[in-house]
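One structure is given below, encoded as structure tokens.
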Amino acid sequence: MKVGVVSETMDPSGFVVLSDLVPSVIQEIRYHSSYNFIGDRIDGYEEPVALITREAARALKTVSNELMVQGYRIKVFDAYRPVSAVKHFMMWGIEDTDIRMKQYFYPGLEKQELFAKGYIAKQSSHSRGSTVDLTLLDMKTGKEVDMGSPFDMFGEISHPDYKGITEEQYLNRMLLQGVMVRNGFETLDCEWWHFTLKDEPYPETYFEFPVSADYLKK
């Protein structure tokens, strides 16, 4: 395949249900709910379950094991994201008047800036199946670790290297980042929660099948 040429497919054969390999994972699949930057359940999310490539799941199992020794569990907000979901994002961008979730997810930005600044793109690495959005959960308190900004908060405050947060919040980000990078994931410069497997198995393929554990059994 030539560089720059991508394909789309409905074939889920290289994917697994993340919790099958990482039973300790906490899942809060935001795009299956209405609590996200759009305010509606997103197209393609038929079940609140994290699907991911087998290779990325294996790496996350190692991540989870390492973190549990330190007293943390991983909490996943999103993993595989179908092409249909990304199209939903783009269609929402066309509707200028729909800003009902602005105060929760992009209070310091205008809606169109989300696209102009690259927070939302026409293609997502999530659709290639080896990207995950996650945070840490403290096993002692049962609560999410304070990262200085919530998942999907668009703006400079969510950049991993942002220094306008407390030292503890910054160190929490670096703890998560360190473990993920050490186990083969790459970071994104504008989202502390976003990681992609460096040696992802499908670097030029974008998948279209729905987020559904049942679909993997077909």
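Can you name the residue in the range 29-51 that is under 13 Å from the mean Cα position of the chain (by Cα) and in a loop (DSSP other than H, G, I, E, B) and is also nearest to Pro150 (Cα to Cα) among such residues? Taking the candidates together, the pick is Asn36. Scanning the range 206-218 turns up at least one residue that is within 25 Å of Ser19 (Cα to Cα), in a helix (DSSP H, G or I), charged (D, E, K, R) and in contact (Cβ under 8 Å) with a residue 40 or more places away in the chain. Among the residues of the range 170-186, those identified as of a type outside the set (Lys, Arg) and either part of a loop (DSSP other than H, G, I, E, B) or buried (at least 18 other Cβ atoms within 10 Å of the Cβ) (or both) are Tyr170, Asn172, Leu176, Val179, Met180, Asn183, Gly184, Phe185.
Scoring Thr97 on the criteria (1) modelled with pLDDT under 95; (2) part of a loop (DSSP other than H, G, I, E, B); (3) surrounded by 18 or more Cβ atoms within 10 Å (Cβ to Cβ); (4) not charged (D, E, K, R) leaves a single failure, condition (3). Does Lys87 fit the bill of being surrounded by fewer than 16 Cβ atoms within 10 Å (Cβ to Cβ), part of a helix (DSSP H, G or I) and under 17 Å from the mean Cα position of the chain (by Cα)? Judged against the criteria, Lys87 is a match.
Take Pro107 and decide whether it is of a type outside the set (S, T, N, Q), closer than 28 Å to His159 by Cβ and assigned to a loop (DSSP other than H, G, I, E, B). Step through it out loud before you land on a result.
Values: of a type outside the set (S, T, N, Q): yes; closer than 28 Å to His159 by Cβ: yes; assigned to a loop (DSSP other than H, G, I, E, B): yes.
Yes.
Against the test of being within 23 Å of His88 (Cβ to Cβ), surrounded by fewer than 18 Cβ atoms within 10 Å (Cβ to Cβ) and out of contact with any strand residue (DSSP E or B) (no Cβ under 6 Å at 6 or more places or on another chain), the options Tyr202, Tyr215 yield a single qualifying residue, Tyr215.
Look at (1) without any contact (Cβ under 8 Å) to a residue 60 or more places away in the chain; (2) aromatic (Phe, Trp, Tyr); (3) out of contact with any Leu (no Cβ under 9 Å at 6 or more places or on another chain) and you find that Tyr104 fails only one, number (1). If the condition is being closer than 14 Å to Asn36 by Cβ and more than 16 Å from the chain's Cα centre (by Cα), then the range 112-149 contributes only Leu114.
The values are calculated or read from the model by the stated rules, or taken from the named source; none is laboratory data. Note that the structure is a prediction, hence the values are computed from the model and not measured. Positions of Cβ are generated from backbone atoms using ideal geometry, with glycine treated the same way; all protein chains shown enter the neighbour counts.
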